[in-house]
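Peer 1: After the structure tokens below, expect a handful of questions from me.
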Amino acid sequence: MKMRLSRYFVPTIKENPSEAAIVSHRFMLRAGMIRQSVSGIYTWLPLGLRVLTKIENIIREEQELAGASEVRMSTIQTADLWKESGRYEDYGDEMLRINDRHGRELLYGPTNEEVITDLFRKEVKSWKQLPTLLYQIQLKFRDEIRPRFGLMRGREFTMKDAYSFDIDEENSVKSYYRMFVSYLRIFNKMGIRAIPMKADTGPIGGNLSHEFLLLAETGESEVYCHKDFLEMDIPDNVDYDGDLSKYFQEWTSKYAATDEMYVEEDAKKFGDDIIKTRGIEVGHVFNFGTKYSEPLHAVVMNKEGKEIPVHMGSYGIGVSRCVAGIIEASHDDKGIIWPVAVAPFEMVVLDVKPKDEESSKVANDIYKNLKNHKLDVAIDDRNDRVGSKFADMDLIGIPLLLVVGPRGLLDGHVKLVSRKSGNSINLSVEEVQERIIKAKSEDSLQKFVDSI
RNA sequence: CGGGAAGUGGCGCAGUCUGGUAGCGCAUCUGUUUUGGGAACAGAGGGUCGCAGGUUCGAAUCCUGUCUUCCCGACCA
């Protein structure tokens, strides 16, 4: 399908909606990415959905690499399982409880430990089938006391949740490391730096747990973090069947903690290297042993022929929150600045004057050629004044803008603009395509954008 | 749930104190002139003022109730 913005649904808003108090919420509404349905619940519009989908696909790719298999559990769950695990009463009013026509107690899942454990106990019986690592990307509902900040704290939200099942503590920790490393790679691919910090295990329980926090001035929690984390290398060419403890050591040996876990004496050992800033929690990993497998009787036969409860872990990423988080971390007063990997479009060809047949044809030819070379490109063929088209593209945050109009073509050039730096370069019609296609084929489009 | 603020054309707001039958900017539609960073002029359409009661000759405005949204707090991906 041809991505013509004149035919696409992008309802941008010029003025700031009064209900949006933070940057990401404002820009998502203004850029036509989302609309609120009721408090804390949103409809995703085409542009927002493209970003969400890209993030989901990055997660899928990396989770599969780490050995996890995708499933999709139902959003509606039975209360019986929660009574069995003992969490039905604990979870409180955050859980949306529903009765069906027969009066049976159901609920809209706020998390899925019970359902996945139920699946596991029915299907897996032997230590030979372990480890088992499953994940899903699914809507969750938590009836927050006070939803706020748009997608940052909604009630309905998209979450990636993964669950590991192992024969013992030692192997369970290996699964934990797999997810830990996978997370480092996932957030890096999204174009953000999320730093693992020692975490409180909260209601999910367990002893080994880390939160991944995206650093942003507008973050919800105060964090203390060693400055080396900002430059540390992301694990590459990872052998997920090998020893991953070195990565884990590297990423946990230096100090990083949220304010509620902050211990001054520990931080002091690193002196001035600890910076105090703010962060947004985008991921959380837990290793919780047999907390659910015991009450739910998720057992396997071990080598000695004895039934033992499996050791479990769960691993979440707030997918829809990531969309907002990335905006918090990357924007200016004009709008969003998307990292290439998650931008709704990698680039847009801006047809300055759609009514000018000649220049418009050049714009369309370039568009088609780039599209044929796998670029995720759209053409802005809207019959608006160029100023408002520029303003929209800045707001929406398209990383790369290719401006094609009669004036430039007179001199034989088109203009390439980087959203991030605001810089532009004039290039011939041929050269611009060559360079973009080359960068795309080398998977270095972000570098190319950064070089402008 | 406690504290605060707000609901008036699609969006942002004024009008409410001091009741007299609704206005501004942006957006939309038509026409003309424009067109390389949110055009100009002329004209047009669109609101029973969140909802329900009440007071009054008369209510956006006063009173009572109710719903919704946002902000601060406890809670959290």
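Every read-out reported here was derived from the displayed coordinates using simple, explicitly stated rules and does not represent laboratory data. These numbers were taken from a predicted model, which means no experiment stands behind them. Note that we place each Cβ from the backbone using ideal geometry, even for glycine, and neighbour counts take in every protein chain shown.
Peer 1: Over what distance in Å are the Cα centres of the range A:402-430 and the range A:36-58 separated?
Peer 2: Rounded to whole Å, the Cα centres lie 32 Å apart.
Peer 1: Among A:240, A:360, A:311, flag the residue with its Cα farthest along the positive direction of the charge dipole of chain A, charges on Cβ as +1 for Lys/Arg and -1 for Asp/Glu.
Peer 2: A:360
Peer 1: Once you keep just the Cα pairs under 8 angstrom separated by 6 or more residues, what percentage relative contact order results for the range A:345-450?
Peer 2: Here the relative contact order equals 27 percent.
Peer 1: Show that you can apply the helix-only estimate: for chain A, add -39,500 (n - 2.57) for every DSSP H stretch of four or more residues, divide by all residues, and state [θ] at 222 nm to the nearest 500.
Peer 2: -9500 deg cm²/dmol
Peer 1: Compute the Rg/Rh shape ratio of the range A:9-116: radius of gyration over Kirkwood radius, all on alpha-carbon atoms.
Peer 2: Here Rg/Rh amounts to 1.08.
Peer 1: In addition: Got a sec to turn the phi values of the range A:75-80 into Karplus ³J(HN,Hα) couplings, 6.51 cos²θ - 1.76 cosθ + 1.60 with θ = phi - 60°, whole Hz, x for Gly and Pro?
Peer 2: Going residue by residue, I get 7, 8, 10, 8, 5, 3 Hz, with x marking Gly and Pro.
Peer 1: Using the Cβ atoms and a cut-off under 13 Å, what net charge is assigned to the surroundings of residue A:361, where Lys and Arg are +1 and Asp and Glu are -1?
Peer 2: Once all neighbours under 13 Å are counted, the net charge is -3.
Peer 1: List A:353, A:2, A:54 from most exposed to least, where exposure is judged by having the fewest other Cβ atoms within 10 Å.
Peer 2: Lowest to highest Cβ neighbour count: A:2, A:353, A:54.
Peer 1: What is the Cα centroid distance between the range A:236-253 and the range A:310-361, reported in whole angstrom?
Peer 2: Using only Cα atoms, the two centres lie 30 Å from each other.
Peer 1: Treating cross-link reach as a plain straight distance, find the aspartates and glutamates whose alpha-carbon is under 15 Å from the alpha-carbon of residue A:125, omitting any fewer than eight places away in the same chain.
Peer 2: Residue A:125 reaches A:166, A:168, A:294, A:304, A:307.
Peer 1: Please report the base-10 log of the normalised intensity I(q)/I(0) for the range A:222-359, using a Debye sum with one equal scatterer per alpha carbon and no solvent, at each q in 0.09, 0.16, 0.19 (1/Å).
Peer 2: Result of the Debye calculation: -0.53, -1.15, -1.31.
Peer 1: Using 0.36 nm per residue, how much length does the chain from residue A:268 to residue A:369 gain when fully extended, once their Cα-Cα distance is taken away?
Peer 2: 30.7 nm
Peer 1: If each residue of separation counts as 0.36 nm, what is the full-extension length gain between residue A:250 and residue A:450 once their alpha-carbon separation is subtracted?
Peer 2: 69.2 nm
Peer 1: Next question. For chain A, what proportion of DSSP beta bridges, expressed in % and rounded to the nearest 5, is antiparallel?
Peer 2: Once the DSSP bridges in chain A are tallied, antiparallel ones form about 85 percent.
Peer 1: For residue A:105 and residue A:60 in the same chain, what is the full-extension length gain: residue separation times 0.36 nm, less their Cα-Cα distance, in nm?
Peer 2: Length gained, residue A:105 through residue A:60: 12.9 nm.
Peer 1: Still on this structure: Going down the table (A:54/A:438; A:355/A:438; A:254/A:334), which pairs top 26 Å between alpha carbons?
Peer 2: The answer is A:355/A:438; A:254/A:334.
Peer 1: From the C-alpha coordinates alone, can you work out the Kirkwood hydrodynamic radius of chain A, in Å?
Peer 2: 23.9
Peer 1: Let me ask something else. I need to check one value: relative contact order of chain A, counting alpha carbon pairs closer than 8 Å and at least 6 residues apart, in percent.
Peer 2: The value is 16 percent.
Peer 1: Quote the charge dipole size of chain A about the Cα centre in Debye, to the nearest 20; the model charges only the Cβ of Lys and Arg (+1) and of Asp and Glu (-1).
Peer 2: Here chain A has a charge dipole of around 1640 debye.
Peer 1: How much FRET efficiency would the formula 1/(1 + (r/R0)^6) give for residue A:306 and residue A:96, where r is the Cβ-Cβ distance and R0 is 35 Å, rounded to 0.05?
Peer 2: 0.30
Peer 1: Can you pull the percent of Cα pairs in the range A:345-450 with separation above 19 Å?
Peer 2: That tail contains 36 percent of the Cα-Cα pairs.
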